[in-house]
Amino acid sequence: MILSDIRILEEIDKATIKIVPYDPECLGSNSYDVHLGKWLATYNDNILDAKKHNHIEYFEIPEDGFILYPHIFYLGVTEEYTETHAHVPFLEGKSSTGRLGIDIHATAGKGDVGFCGHWTLEISVKQPVKIYKGMPIGQLIYFPVEGEIKTKYGQKKNAKYSGQPDKPIESMMWKNKF
């Protein structure tokens with residue numbers, strides 16, 4: 001079951017969902033549109049190693065836009081800061097974004113109950129496309145949770161992405177033991 005617009009508003013009123021900045025025009029019948037923040041990043045190395053800390057370089061999207069190219073993996077960020085305390089949030093691309101050949105996440109479309117922060121976007125494109133900060137980039141949908149939550153994401157000792165800032169965050173896979 002997905003929360004409707006009325007249910008999303010009720011949860012915002014109860015502070016179990018927080019979206020900052022919030023714009024009523026971005027609320028759909030069962031989703032909330034999020035926008036591309038001003039920061040992008042790319043990895044410094046051409047070959048990434050899952051066991052090491054792969055560093056990234058940040059750059060700001062200029063006012064006149066920035067061209068993304070295929071075969072380059074970009075990290076972006078949502079303009080919106082969100083908190084979800086009682087529901088499972090999913091971030092999906094908008095159809096208009098997909099029709100430009102922009103994928104906004106490689107695998108991480110699901111958040112956890114208790115996630116608080118800006119969403120890091122895992123961006124790739126099918127052909128060169130010019131993007132702009134503040135453009136609609138995705139939509140959040142919320143699912144109710146069945147049963148009690150033992151430990152919310154932000155309370156976990158190994159929550160590597162809690163409190164994400166308004167800049168993209170690189171993979172923290174290297175913090176795992178394997």
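Bear in mind these aren't lab numbers, they're just calculated from the coordinates by the rules spelled out. It should be emphasised that the depicted structure is a prediction, and the values quoted were computed from it without experimental measurement. Here the Cβ positions follow ideal geometry from the backbone for every residue, glycine too, while neighbour counts run over all protein chains shown.
Worth a mention:
- Taking amide H atoms as placed 1.01 Å from N in the peptide plane, the amide H of K110 lies under 5 Å from those of L91, each 5 or more residues away in sequence or on another chain.
- 3J(HN,Hα) along the stretch 79-93: 5, 7, 8, 10, 9, 9, 9, 9, 9, 9, x, 10, 9, 10, x Hz, from the Karplus curve 6.51 cos²θ - 1.76 cosθ + 1.60 with θ = phi - 60°, whole Hz, x for Gly and Pro.
- Formal net charge of residues neighbouring E57 (Cβ-Cβ distance under 13 Å; K, R +1; D, E -1): -2
- Under 5 Å, built H, 5+ apart or other chain: amide partners of H105: E122
- Short-range pairs are left out: with C-alpha atoms under 8 Å and at least six residues apart, the relative contact order of the stretch 18-133 is 33 percent.
- Global form of the chain, assessed from the alpha-carbon gyration tensor, a/c cut-off 1.5: oblate
- Simple rule: put +1 on each Lys or Arg Cβ and -1 on each Asp or Glu Cβ in the stretch 1-141, find the dipole, and look at A50, F66, H105; the Cα lying farthest toward the positive end is A50.
- Once you reduce the stretch 77-92 and the stretch 98-114 to the center of their Cα atoms, the two points are 11 Å from each other.
- Bridge type composition, the stretch 46-178 - antiparallel percent by DSSP, nearest 5: 95 percent
- Dipole of the chain, positive end: most advanced residue of G76, M172, S162 [Cβ charges, Cα centre]: M172
- Taking a Cβ cut-off of under 13 Å around I141, the surrounding Lys, Arg, Asp and Glu residues balance to a net charge of -1, with basic ones at +1 and acidic ones at -1.
- Scanning residues 5 or more positions from Y81 or on other chains, those with amide H under 5 Å from its amide H are V20, with H placed 1.01 Å from N in the peptide plane.
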